[in-house]
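Heads up: the structure comes next, in structure tokens.
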Amino acid sequence: MRDEFVDDVRDAPPPDPVAALRLIERQRAEAIRRLSPDPRLYHWPWGFAWLIVFGLFFLRYGPGGRTFVAMPDWLPLAVLAVAMIAVTVFTAVTSSRAYSQISGESARRGAWYGYAWFIGFAGLFATLARINPALPPDLRTLAWSAAPVALTGVLYLAGGAVWLDRNLFVLGAWISGSNIVGVVAGPGWHSLVAALAGGGGMLVTGWLLHRAAVRATRRDEPDGGEVSG
């Protein structure tokens, strides 16, 4: 009888209300950390992909038709197609997995948003492949550079509107504005703008949002414990 009493006491909640509150807050902070998608998983793959892809476009198809680094004509386009497909699939899978742990409307929004990336880029590449032969060489390069950037900006804007996420909406506006500037500047210059302003902007955004999430989680922890990341 006495042993049963001891087991019941050990399994009981903390008798101190303050200790119980700290336990609840610690568990809540851990749940938020585990369920919230890491911003770097969304922004860094696109940032690195854009730096590489549009960097190749700029080196091969520079302003005024200048070639800074000799390479096959097909190489930048091939890298663009492979990189965009790979990153799009990664984004869709990451979004679906992140929200698979959540039920209800939020889960559906996250999953459908991930599918929107894949479906949107599939349609875009099918369209570009169809109209590509009818365009002059300089406009062909500009179309393959500007169209994926434009779609990415729109998807970020849509994501920010769906979740009322100011950071995501601002990033979408930044990418869209940079794309417009690059298109107006013309072939060659657009690739440079997309690589530096677009790719670099996503890398910086991912880092800033990750640091902000880490600081927020630390504030939520009652004992001020460290959070890895």
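The values are calculated or read from the model by the stated rules, or taken from the named source; none is laboratory data. Remember, predicted model here, so these are calculated numbers, not experimental data. Note that each Cβ is placed from the backbone with ideal geometry, even for glycine, and that neighbours are counted across all protein chains shown. The area values use the complete protein model at the heavy-atom level, side chains included, leaving out ligands, DNA and RNA. Shrake-Rupley method; radii C 1.70, N 1.55, O 1.52, S 1.80 Å.
Screening W174 on (1) crowded, with 16+ Cβ neighbours inside 10 Å; (2) of a type in the set (A, V, I, L, M, F, W, C); (3) over 23 Å from L208 (Cα atoms) shows it passes everything except condition (3).
Picking from residues in the range 201-212 that are out of contact with any Gly (no Cβ under 7 Å at 6 or more places or on another chain) and of a type outside the set (V, I, T), the one that is least open to solvent (accessible area, probe 1.4 Å) is G201.
Can you name every residue in the range 131-149 that is surrounded by fewer than 16 Cβ atoms within 10 Å (Cβ to Cβ) and either touching a Leu at 6+ places or on another chain (Cβ under 6 Å) or of a type outside the set (D, E, K, R) (or both)? Scanning the range 131-149 gives I131, N132, P133, A134, L135, P136, P137, L139. Taking N167 as meeting all but one of (1) buried (at least 17 other Cβ atoms within 10 Å of the Cβ); (2) in contact (Cβ under 8 Å) with a residue 40 or more places away in the chain, write down the number of the exception. Result: N167 passes all but (1).
Residues are listed down the side, and each one gets a yes or a no for (1) within 21 Å of G114 (Cβ to Cβ); (2) at pLDDT below 90; (3) buried (at least 21 other Cβ atoms within 10 Å of the Cβ):
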residue	(1), (2), (3)
D38	yes, yes, no
Y42	yes, yes, yes
F48	yes, no, no
F58	no, no, yes
Y61	no, no, yes
D73	no, yes, no
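Among the numbered criteria (1) among the aromatic types (F, W, Y); (2) open to solvent by less than 70 Å² (accessible area, probe 1.4 Å); (3) over 18 Å from the mean Cα position of the chain (by Cα), which one does Y156 miss? That leaves (3) as the condition not met.
Show me the helices (runs of 4 or more DSSP H) found entirely inside the range 39-139 where at least 2 residues are among the β-branched types (V, I, T) and more than 20 Å from G199 (Cα to Cα).
Counting at least 2 such residues, we get 105-131.
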